[in-house]
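Notes follow once the structure below has been shown.
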Amino acid sequence: MSNKEIVVSSGPGETRAAVMENRRLVEVYIERSAHQRHVGNIYKGKVENVLPGMQAAFVNIGLERNAFLYVDDALKAREGHFDDVDIEDLKALSIRDILKENQDIIVQVTKEPIGTKGARVVTQVTLPGRNVVLMPTVDYVGVSRRITDDEERTRLKKAAGKAKPRGYGVIVRTAAEGKDEDEISSEIKFLVRLWRKVKQKARRASAPCLLHRDYDLIYRIMRDLLSDDVDAFIIDDEHEFAKAEDIIKIMSPRLRNRLKLYENGTPILEYYGIEDEIERALRPKVWLSCGGYIVFDETEALTSIDVNTGRYTGTTNLQDTVLKTNLEAASAIAHHLRLRNIGGIIVIDFIDMDSEDAREQVAKQLEEELKKDKTKATVLGFTQLGLLEMTRKKTRPGLKEALTRTCPYCDGRGLILSEETLAFRAERALKRIAVKTDQEAMLVTLHPNVASLLIGQGGGNLSRLEQETGKIIYVKGNPNRHMEDTGEIITGKQEAIRKMAVPVSVGDVLEVEIKEQHASNPANGITRIDGYILDIDGAGGLVGKRLLVEIRKVFRTYAKAKPMDARDGKNMIEDVELNSSNKMVIAGDGHV
């Protein structure tokens, strides 16, 4: 018997709920006030576009992007209104036979807007309760397949059929098993009243508008997940705990003792190790206990999963090693699909197996592990290329989408251009601008790694570039600049550009902090002033220390400096104060 806990962390702006089975994280739900959830909401929308070629329509429900309504989802709610039409004839109807542009329509969101896609909506509205789901647009009674006892199924179906109004549909949920007729009847009546309020609001309101918002995360978790197999429902917020107590008194009084208020000083997600688990679930690579590993690659079209033996070498023969790795991978993949909430088309590249029996074992293992997942998943089997295909229903953004965003630097590629590529790009840009300008000099600021390649060993590449362009070129290295950012190339008269590129002069006295050792001469120390390098003699062992230095030589891309002892430094400062033609520069943390 597994131990199952639901851990809820509620804070300003964000609520997280984690489902733990035997102290292992299996599901994560996140709700943020800045990103409102839409699944389950009911809207009065206006049909804006009807597309016969796609057998679909776009419906304005007041969100940023129009919602998508497929013909089958529009038909489901209409079947009961075509009593004199054969079902097959009904299915042959075009979307234009069902919907017209500018038509008002009541729809419910079944899939969140994801990426560039709008929400998915249906006209067959469902109102979920604890024990039943009300379907106001169809006349039907069903019972959850998870209730396997035939007598109980018959009893529940009879109770629901007796309690529901004519023309309404009801599905009895798994949680209703063992419940008496009065409890089921009262919940159906509550949901019917709720639907009538929705209809009443729809008659008064103009489209597009929200008619009904689904409940907050904690209520939904209690409604959908808190059942007899949950040992503890733990909340870290007193206010939310009090609300949960009120909900459970109405919803499931017998489970009142499962509610716990977390009062430990350590943050609840940290205490249960959930933060670390979530962080690992965002990584593409997952190590298996046998030493193999799997790699997840999520794209907009599908998710590909690669299985590798890694460090596992086995103990008998190659095929045994492959089979053991694949079987463990199948269990881990099912777990991570649930944890990461990956949906859509999924292609798994298991390690090649010679026998059909081995492939069947792996597919069966995957199917068995997926039974633990409430979200519908279908294993389609191995293709001729040896890849296993499957699908998993997607109704809300996955963990990766909920917690991350596209990298603004690599634009989601997961890669950046190499320093060599970027140095050549900067060179081409300098040549391009040199042709267009009659100014004497040019200044380009780059990341130091790129700048050093553009300059070349001993300044050879920069000299060649100057000869080719006929310009004087200054190159500054700025460690705060992104590697791929060339930025604006500045042109102007030589003296003006030199002052911008070279912030020091011979004889200047500076107070600096040594940032690092010189790469090729560790005896010397390096610091930077607005990206300009100071090479300080004998300061390699003073990294992190501040000291006075005197500029002895100035070059286009760097300057040589020498530390001053305390006595020389005092005399030099006095000289600076007496001689207005000199200047004193204080450089702290790499800035002038």
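The values are calculated or read from the model by the stated rules, or taken from the named source; none is laboratory data. The shown structure was predicted, so the numbers you read here are calculated from the model rather than taken from an experiment. Please note: Cβ atoms are built from the backbone with ideal geometry, for glycine as well, and neighbour counts cover all protein chains shown. Heavy atoms of the whole protein, side chains included, go into the accessibility calculation; ligands, DNA and RNA do not. Shrake-Rupley method; radii C 1.70, N 1.55, O 1.52, S 1.80 Å.
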Study note, to complete from the structure: Relative contact order in percent for the chain (Cα pairs under 8 Å, 6+ apart) equals 8 percent
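Find how much the distance from Lys364 to Trp287 grows on full extension, using 0.36 nm per residue of separation minus their present alpha carbon separation; answer in nm with one decimal.
Stretched fully, the Lys364-Trp287 segment lengthens by 25.6 nm.
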Point to revise | Between helix 419-436 and the chain: long-axis angle, C-alpha atoms, 0 to 90°, nearest 10 | key: 70 degrees
Check your understanding: Roughly how many Å² is the accessible area per residue of the chain, as a whole number, for a 1.4 Å probe?
Key -> 53 Å²
Review point. Ignoring any ligand, DNA or RNA, what whole percent of the accessible area of the chain comes from carbon and sulfur when the probe is 1.4 angstrom?
Key: 48 percent
Exercise for review: Any of Lys179/Lys400; Lys179/Lys201; Lys201/Lys374; Lys189/Lys374 with alpha carbons more than 30 Å apart? Name them for me.
Suggested key: Lys179/Lys400; Lys179/Lys201; Lys201/Lys374
Practice item. Before anything else, pin down the relative contact order of segment 398-475: Cα pairs under 8 Å, at least 6 apart, normalised by residue count, whole percent. Key: 31 percent
Practice item. Using only Cα atoms, find the angle between the long axis of helix 566-578 and the longest principal axis of the chain, and express it within 0 to 90 degrees, rounded to the nearest 10. Key: 80 degrees
Practice item. Please state, to two decimals, what the Cα-based radius of gyration of the chain comes to when divided by 2.2 N^0.38 Å (N = residues). Key: 1.36
Study note, to complete from the structure: Taking segment 330-410, the equivalent ellipsoid from its C-alpha gyration tensor has semi-axes in Å, biggest first, of 26, 16, 10
Practice item. Find the relative contact order for segment 1-61 and round it to a whole percent, using C-alpha pairs within less than 8 Å whose residues are 6+ positions apart. Key: 21 percent
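Between Asn480 and Arg311, what FRET efficiency follows from the Cβ-Cβ distance if R0 is 30 Å, with the result rounded to 0.05?
That gives a FRET efficiency of 0.15.
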**Study point:** Per-residue [θ]222 nm for the chain (sum of -39500 (n - 2.57) over DSSP H runs n ≥ 4, rounded to 500)
**Key:** -9500 deg cm²/dmol
Check your understanding: Kirkwood hydrodynamic radius of segment 144-203 from all distinct Cα pairs, in Å?
Key -> 12.4 Å
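Of Phe190, Phe233, Phe68, which has the most accessible area and how do the rest follow, probe 1.4 Å?
Per-residue accessible area, sorted high to low, gives Phe190, Phe68, Phe233.
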Review point. Under a straight-distance cross-link criterion of Cα-Cα below 13 Å, which aspartates and glutamates are reachable from Lys111, leaving out those fewer than 8 residues away in the same chain?
Key: Asp73
Practice item. Quote the charge dipole size of the chain about the Cα centre in Debye, to the nearest 20; the model charges only the Cβ of Lys and Arg (+1) and of Asp and Glu (-1). Key: 1720 debye
Study note, to complete from the structure: Here the percent of antiparallel bridges among DSSP beta bridges lying wholly in the chain, to the nearest 5, is 75 percent
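Given charges of +1 on the Cβ of Lys and Arg and -1 on the Cβ of Asp and Glu, with all other atoms neutral, how large is the dipole of segment 382-430 about its Cα centre, in debye to the nearest 20?
Values: 9 positive and 6 negative charges, 97 e Å.
For this selection, approximately 460 debye.
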Revision key, fill the gap. Where a ≥ b ≥ c are root eigenvalues of the Cα gyration tensor, a/c under 1.5 meaning rounded, otherwise prolate if a/b exceeds b/c and oblate otherwise, segment 91-145 counts as oblate
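About the Cα centre of segment 325-478, what is the dipole size in debye to 20, counting +1 per Lys and Arg Cβ and -1 per Asp and Glu Cβ, all else neutral?
In debye, rounded to 20, segment 325-478 gives about 960.
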**Study point:** Helix 181-204 vs. the chain, principal-axis angle (Cα, 0 to 90°, nearest 10)
**Key:** 60 degrees
Exercise for review: Do me a favour and compute the ellipsoid semi-axes for segment 140-283 from its Cα gyration tensor, root of five times each eigenvalue, largest one first, whole Å.
Suggested key: 33, 23, 16
